[in-house]
Each structure stands twice: as structure tokens, then as C-alpha cells.
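The structure appears right after this line, and notes come after that.
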Amino acid sequence: MKIKRRSFLQTSIASTTLFLSGFSLPVLASTTPKKNLIIISLRGALDGLSAVPVIGDKNLKQKRPDISMKNNLRLTGDFALHPSLYELHDLWKDDKASFVHATSIPYTGRSHFDGQNLMESGGHVPYQEKTGWLGRGMKTANLIGQGLALGLPMPLLLRGAERNDNYFPAKDKMPDPDLLKNLSYLYEDRSEYDLKATIDIIRKREIAEEHIRRQRSPAVLATKAANLISQPDGPRVAVFEVGGFDTHSAQAGTDGSLADSLTKVNEIIRALRIGLGEEFKNTLILTLTEFGRKVEQNNGFGTDHGYGSAILMAGGLLKKSQVYTDWPGLENKNLFENRDLLSTIDARAVYASAMSAVFNIEFKQINQKVFKGETLTNLTDKLFTS
């Protein structure tokens, strides 16, 4: 069935969802510090030039006279931050926020459907890969799923790790615990069956409170995630999905559709920081999006589909606060196809490096098994702590 553009936009603006996975195995918890990876998927294509505007390039304001912001939060002499992301600005002061700019996955087709498939699969050809780069990374790190997803369906990004669970309760009552225990016991010595593993997953599920199921606000879900992740045997991986970044119109500057979506991201990061407490120092948060936006504003005071964007990062596993970029400039001669911010950094290199740092796996192994030996730059030491 072909999905109409209007249907896609309705999906993009839908409420925030959360997926949790990668519960620590007992041996892992006892031998190495538990480190956590949280991905925030920004569906609709984040305008990196508004989220992290380059204030040292006059071309940006010339090409965006009506949607430029006057109250940016200064980061460096060249870059600033959208005012809706004030939590990241506070973390920046404590070396717990960083940004990778002029970056994208290797996709230039500007189709949401194809782009989102590739941002999750990590491949080059849309719909060719049936698993996600994060799921493959978890499998490489031997992180058996046994997770809990407070949303449906399981995103492609997490597929590939065994027994990732996408359960979301329709009722506020779990199956009888004695029944589950007895079934698990019956199949304990029958390794050829996956039923015992499935039952054990169900037994790990926490009853989802009524307000959690009905109110999927960013702060509520992030608080829920933080409570689970902070547990010694809790999940090590969480994936949030936030829609509304397809800002063709009314994008505006300080206020508008982009500010509304960035506010959700800010709420998630703030709730995670507070809820994780000391565990925040062992956590890495990164954003993911399918592509960027055109440099020049359109007649609807928005921006059209583009190429280069930015990755927002937070957490105690960052090496330092920095805007990491090979900045191409915004003069017409430096734009991709004379219209878009050029991507000079493969975003997959950032994600591969992040998994290497969090999962304690050599970058070469991640590169080979997750991204099939592509030529990706190892940024682990430049961006993250070991």
C-alpha cells in the first residue's frame, strides 16, 4: 500500500515513542561498568542549520532573512544553539554536550521513506538491509535482547539483536506470575525451544502504569527510561522517536514548528539527566535523522529537503564539549547541488564510534560486522571516552 504524504506527516507529528533493549547479562554487570547508549531519532529531517546555527557565516542570514534567530545560545565563536535546546547548553558548560556538524548518512535522494530506512539500516540501497545498525551492533557485543519496548512496532534500527522485545500492554494486568514460572521450569532443559527465553522476557516486564500507556509525553517516557536504565540489570539501550521535523512551512526562528519539536528533544534530555542521576556519567545520547534541510528558506517560511545536518550529543561518555566539523561553508560554490549544506562527515562513522565506546568493542570489529567493512573514520578517541 502506498502511503500518502499527508499520512506520513500525521505520523511524523505523532507523540513521542520509546524502545528499551539490551538488558545486561549477569557476567557483564559483574566484570565491567555498565554503559548506556540512547538514540533519539528525529523523524522528518532535522534542520541542523537552525538547531546548531553557524553564526560566523553571513550567508546563513542572507539566505534565511525571515527564519534566523536573534537569541541563539552561544557555543563557540562560530556556532550557537537553538534557544529551545537550553538543557544542552547547560550541559555544554560541564563538558557533557557536543555536536557533529555538516554530517549525514550517504543518501542524497531527499525521500523521507528511503532516507529513514537507510538511517536505520546503515546501508546504501533502500530496503535492501533487513536489520538495523544498532541491532547488529548489539549482536556483535553479545547483548541479548531481553528488552522492553514501550511502543510498537519494533523499529528497524533495533532489529538484528536476538530476542529484542516490542511488547506494549493493552491492559494493566500481567499474566499470572506462577504460571509463567512453571512454564519456564518445564522448558528449562529443552534448549531447542525458544519458549523458555520468551517466557523469561515476559517475566522481566514491568507493569506499565495507566498514565504511562495513555500519556506518552517526552518527559514521562524519558523518566520511565531513566528509572529502568539506572538499574544495575536494566536495559543498556534506549531509542526515542520524535516526529515533526519536516518543517516545510512555519518553521520560523525562535518560535514555530521546529522550536516545538526541539522542545521535546530538550525535555527528553533533561528528564534523562535528572532521572539517571549518577548513571548519566556512564551514558551517551545521540540524535539520528534522515537528512538535513535546504539552506535557503522557501516561500512558506520553512525549508525544503536537503542533505547535510547535525548530530546532537550529550552524556558523561563524551570526551569534551565541542563542535566537531569539517565545515564546508555556505557560499553557493560550496553547497551540495548549489542548494544544501554539504556533508563532510559520514554520520555512520559517529554511530560506529559510539558503539565502540559504549559496547567496549574494537572499532574495526564494529566496522566490519555492522557496516560490512566500509571506509569509515574511527572517531572514538576524538569524540568519546573509553
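The values are calculated or read from the model by the stated rules, or taken from the named source; none is laboratory data. None of the values given here were measured: they were computed from a predicted structure. Ideal geometry is used to build each Cβ from the backbone, glycine not excepted, and the neighbour counts take in all protein chains shown.
Would you point out the residue of segment 238-286, among those that are aromatic (Phe, Trp, Tyr) and modelled with pLDDT of 95 or more, that is farthest from Gly137 (Cα to Cα)? Per the stated criteria, the residue is Phe245. Once segment 41-59 is narrowed to residues that are hydrophobic (A, V, I, L, M, F, W, C) and modelled with pLDDT of 95 or more, the residue that is nearest to Leu20 (Cα to Cα) is Leu42.
Can you confirm whether Ser321 is small (Gly, Ala, Ser), under 25 Å from Glu278 (Cβ atoms), in a loop (DSSP other than H, G, I, E, B) and touching a Ser or Thr at 6+ places or on another chain (Cβ under 7 Å)? The answer is yes for Ser321.
Only one of (1) at pLDDT below 95; (2) surrounded by 14 or more Cβ atoms within 10 Å (Cβ to Cβ); (3) outside any loop (DSSP other than H, G, I, E, B) fails for Ser15. Which number is that? Among (1) at pLDDT below 95; (2) surrounded by 14 or more Cβ atoms within 10 Å (Cβ to Cβ); (3) outside any loop (DSSP other than H, G, I, E, B), the lone unmet condition for Ser15 is (3).
Picking from residues in segment 295-335 that are over 17 Å from Val100 (Cα atoms) and of a type in the set (A, V, I, L, M), the one that is surrounded by the fewest Cβ atoms within 10 Å (Cβ to Cβ) is Leu335. When Gly277 is tested against the conditions (1) more than 20 Å from the chain's Cα centre (by Cα); (2) more than 23 Å from Ala357 (Cβ to Cβ), the lone failure is (2). Taking the stated definitions as given, is Ala45 under 30 Å from Gln365 (Cα atoms), in contact (Cβ under 8 Å) with a residue 12 or more places away in the chain, under 21 Å from the mean Cα position of the chain (by Cα) and not in a loop (DSSP other than H, G, I, E, B)? The answer is no for Ala45.
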